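See below for the structure under consideration.
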Amino acid sequence: MSATPAAVIVAIDGPSGTGKSSTSKAVAAQLGLSYLDTGAQYRAITWWMLNNGVDVSDPEAIAAAADKPVITSGTDPRDPAISADGVDASGPIRTQEVTAAVSAVSAVPQVRTRITELQRSIAAEAADGIVVEGRDIGTTVLPHADLKVFLTASPEARAARRSGEMKTADGKPVTDLAATQQALAARDKADSSRKTSPLKKADDAVEVDTTDLTLEQVIECVVTLVEKAAAAKAQPSVEKAAR
Ligand SMILES: Nc1ncnc2c1ncn2[C@@H]1O[C@H](COP(=O)(O)OP(=O)(O)OP(=O)(O)O)[C@@H](O)[C@H]1O
Ligand SMILES: Nc1ccn([C@H]2C[C@H](O)[C@@H](COP(=O)(O)O)O2)c(=O)n1
């Protein structure tokens, strides 16, 4: 593990399948930073609503339930825990049912207010710095982050990556690339077109197109960006001490 010279706040945003989680976890682990998966928080609140009889097609019902579950996130990049009302949700939040409902739940302003407050308090408590990944981190949650990265990749590359992860009921890899690409496009559209805090590149974010990069190359690129941001953050205090 190499040490960063200052506690940096890093925002990593981008559409689904661009490599946010894999990159953020690896960068945080390598640099000794905390890690927060904000998509997992939206998935956990969605899972809780599905399990507690909330009609996830009704924004008013979602809004009325937004304050009810206690969502808890771990920030260890090697073991990023997530629970709802004390129940481990790390497995169930990745099901198709949750994936299909999460865009609708996360579009409701009361849900966003609740989860944004939680995200800000977790980032404020991260004494050694943190990598926070999601859709609106650089634009809304942490607009003063020391570094903002926006990951992109072609729809074809993202669908191929996702298909590589997905298995059919009998354990075979999913080969319907067109259907995977369509599902990703539908989620992107919903996440980018919602009124409150849509998926959007912050004006001051560094865009990294990962289409033709290996995961290792993306990690290396972001580690370099974080180290530069941390050095720049430490600079004024070093200069002050020398005076
Ligand atoms: N540069 C890359 N080259 C090849 N595969 C990659 C690359 N980046 C990520 N992957 C793979 O693509 C899949 C999706 O990556 P990951 O979950 O990190 O994306 P994400 O942007 O966090 O997606 P989501 O927003 O849906 O959670 C994973 O299987 C990961 O190993
Ligand atoms: N900051 C965020 C993070 C996530 N969401 C919503 C929109 C996504 O489709 C969903 C799941 O995210 P994933 O686990 O695929 O990264 O959660 C959001 O609105 N804002």
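The values are calculated or read from the model by the stated rules, or taken from the named source; none is laboratory data. Since this is a predicted model, take the numbers as computed values, not measurements. Note that we place each Cβ from the backbone using ideal geometry, even for glycine, and neighbour counts take in every protein chain shown. The area values use the complete protein model at the heavy-atom level, side chains included, leaving out ligands, DNA and RNA. Shrake-Rupley method; radii C 1.70, N 1.55, O 1.52, S 1.80 Å.
Values computed for the structure shown
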quantity	calculated
Estimated [θ] at 222 nm from DSSP helical runs (n ≥ 4, -39500 (n - 2.57)) normalised by residues in the chain, nearest 500	-15500 deg cm²/dmol
Highest-MSF residue in the chain out of A63, A179, A89 [GNM, Cα springs under 10 Å]	A179
Solvent-accessible ranking of R78, R161, R120, largest area first, probe 1.4 Å	R78, R120, R161
Solvent exposure, largest accessible area first (probe 1.4 Å, DNA, RNA and ligands not counted), of S73, S16, S22	S22, S73, S16
Rg/Rg_globular for region 1-133, with Rg_globular taken as 2.2 N^0.38 Å and Rg from C-alpha atoms	1.07
Carbon and sulfur %, accessible surface of the chain computed with the full protein complex present, 1.4 Å	54
Fully extended contour minus Cα-Cα distance, from N52 to A7, at 0.36 nm per residue	12.3 nm
Contour minus Cα-Cα distance for Q217 and A124 (0.36 nm per residue)	30.5 nm
Label-zone membership for region 19-45, site V87, 7 angstrom Cα→C-beta point, backbone N under 17 Å	41-45
Fluctuation leader among V105, V149, V87 - the chain, Gaussian network, Cα springs under 10 angstrom	V87
Separation in nanometres of the label points that stand 7 Å from Cα toward Cβ, at S193 and E97	2.8
Geometric extent, Cα atoms of the chain - Rg, Dmax (angstrom)	18.2, 68
Surface per residue (accessible, 1.4 Å probe) for region 9-231, Å²	46
